[in-house]
Every structure is written in structure tokens, then in C-alpha cells.
Amino acid sequence: MLTLGIEASGRSAGAALLRDGRLLSEYSLNVGLTHSETLLPLIEALLKASGVSLSDLDLIAVSAGPGSFTGLRIGAATAKGLALPGGIPLLPVSTLEGLMQNVSEFPGYVHPILDARRSQVYTASYLHGEKVLPEEAVSIESLLKKIRSFPGKQLFLGDGVFPYRELLSECLGEKLVLASPANLLQRASSIAILGERNFSLAKSAEKFRLHYVRKPQAEREREAKGLRDYDLLGEKRGGETKDRLLPRNYPIDSGGYEN
């Protein structure tokens, strides 16, 4: 089985190829360019260097959130664009579970944290690969209150570590463990591993949806202004189009897979 993993939920863009559990290649870029500039060329270079064509793929797995709204949409649109022509099955993978997979051999609690801005982090908590706290957007203080009584070492990873490192150290002391630089941020190889493991859940690209956890800011602002009758793309439900907030090549909504 040959799986392409795509990761674009954060600052870096990445792609990886996995064949029957063995990592063939992984490319990652974090050089300040936008994912719209880097992601597709990176995937094309990965496939070419690996001697693989799109028709060889059995699955495309893509990080589906939570994370950067723009990055998630670019990653999803790219994955759908690759999957649709050949009918390649597509599988959304939780960004937080992907981070957990980076450190799957850690024996204690694992807390991936992604900077959600507005003084919040996207997070969930895991023990031996099992989720013990749900995915949510909360303040770091709220998370620390929930986990303070957890016994043993506690590992943190994700870009939320950067702004909150001192606070984590103050609250957890010697219980705090930080992931190594190689595993601190999102990795496409982890997305590919989880995709292959859950291949039976894959569906057609047409049914793919993202998992934001928290509503995008544009949607929250529209709701605050009383524009609830317009969807995420600025289209009036059941009627005409008004002020599209996203380009037409990002037909991505929230919610995992359609039923």
C-alpha cells in the first residue's frame, strides 16, 4: 500500500510517502513562504525523487485540523485536486493526533498544543495513544488546571510551546518534557502513518471536509454582524452569491466527512 501524507496546518508545508508502514521519503519546508507557493511543487518534487506517479497511490491522507484556517484549506484543496482525477481515496487526519504520533513511544501523557491565537490553544491529551481529554480550543491556563494532577512526566509539543514555554515550566516543573526539535512540529510522515492505519475510513474526495474545532474568524465576524444566512464562502444559502471571502478554488467547509 502506497500512501501520500500532506501536512499544511501550520507554519511548515510537508509531504511524505509511506509504503506498507515504511517511510520512503519526506520533504518539509519552513522558510517563510506561503503554502500556496510551496506545497504543490514540494509534492511534485517528492513524487519525482521517489519514482512515484499519482496513479501509483492507494491513499492520500491530509492534516484536516485544527490549525491555520488558510493552511488547512490550501492543504485540503491540494489533496482534493490530486485525488479527484484518479479517484484516489482521501482521508482526513486530526492534526493533534498527527502530533501525538510524532512521539508515540513516549510512556506518559502527551499534550499537543497549537497556537490558536486570541489567548487560546488547540489541544487534546493522550496516554499510550488513547485520548483522555477531547480536542478543544481553550486557554493554556484552563488546560494546565485539568492536567496538573496527572501523575508522571508530561510531554508537550506543537507551536504552542513557543509562547507558553515559561508558563509550562513554572506550573509543571520537573514533570515537563518537551519534544525534540525533529518532532516538535507537525510532520507529514505522521499523517501518512495514521492514514495507512485507518485506510478503511477513507472515502471519495468529494466528501472530504475539514475539522476546525473553532469557527474561522471570518465566520465569527459575519455572525456577529447578523450575516448568519451566508455560508463560509460568502454564498447566500439557497440563493445568490454575496462577497465571496475565499477564492473559488477552495470549496472546503468544516466537519470531517459528510454523512
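The values are calculated or read from the model by the stated rules, or taken from the named source; none is laboratory data. The model shown is predicted, which means the values in this text are computed figures rather than measured ones. When we count neighbours, we look across all protein chains shown, and the Cβ atoms used for this are built from the backbone with ideal geometry, even at glycine.
Things to note:
- Of the residues 230, 212, the single one that is assigned by TED's automatic domain parsing to the domain that holds residue 66, at pLDDT below 95 and of a type in the set (Phe, Trp, Tyr) is 212.
- Taking helices (runs of 4 or more DSSP H) as the structural unit, those lying wholly within the stretch 52-157 and holding at least 2 residues that are modelled with pLDDT of 95 or more and under 17 Å from residue 201 (Cβ atoms) correspond to 69-86, 95-102.
- When the stretch 76-96 is filtered for residues that are in contact with a helix residue (DSSP H, G or I) (Cβ under 6 Å, 6 or more places away or on another chain) and within 20 Å of residue 133 (Cβ to Cβ), only 93 remains.
- Among residues of the stretch 98-134, those that are crowded, with 20+ Cβ neighbours inside 10 Å and among the acidic types (Asp, Glu), counted: 1
- Of all the numbered requirements in (1) exposed (fewer than 15 other Cβ atoms within 10 Å of the Cβ); (2) more than 24 Å from residue 52 (Cα to Cα), residue 86 misses one, and that requirement is (2).
- In the stretch 136-157, residue surrounded by the most Cβ atoms within 10 Å (Cβ to Cβ) [restricted to those that are within 14 Å of residue 110 (Cβ to Cβ) and in contact with a Ser or Thr (Cβ under 7 Å, 6 or more places away or on another chain)]: 143
- Annotation: of all residues in the stretch 158-192 being among the hydroxyl-bearing types (Ser, Thr, Tyr) and closer than 24 Å to residue 25 by Cα, the one that is surrounded by the most Cβ atoms within 10 Å (Cβ to Cβ) is 190.
- Verdict on residue 10 being in contact with an Asp or Glu (Cβ under 7 Å, 6 or more places away or on another chain), in a loop (DSSP other than H, G, I, E, B), under 18 Å from residue 114 (Cα atoms) and in the same structural domain as residue 76 (by TED's automatic domain parsing): yes
- Taken together, the residues in the stretch 132-146 that are closer than 18 Å to residue 64 by Cβ and in contact with a helix residue (DSSP H, G or I) (Cβ under 8 Å, 6 or more places away or on another chain) amount to 1.
- Of all residues in the stretch 27-41, none satisfies being hydrophobic (A, V, I, L, M, F, W, C), at pLDDT below 95 and in a helix (DSSP H, G or I).
- Qualifying residue in the stretch 16-24 (condition: outside the structural domain of residue 159 (by TED's automatic domain parsing) and under 27 Å from residue 162 (Cβ atoms)): yes
- Top-ranked residue in the stretch 3-48 [being crowded, with 21+ Cβ neighbours inside 10 Å and of a type in the set (Gly, Ala, Ser); ranked as nearest to the chain's Cα centre (by Cα)]: 9
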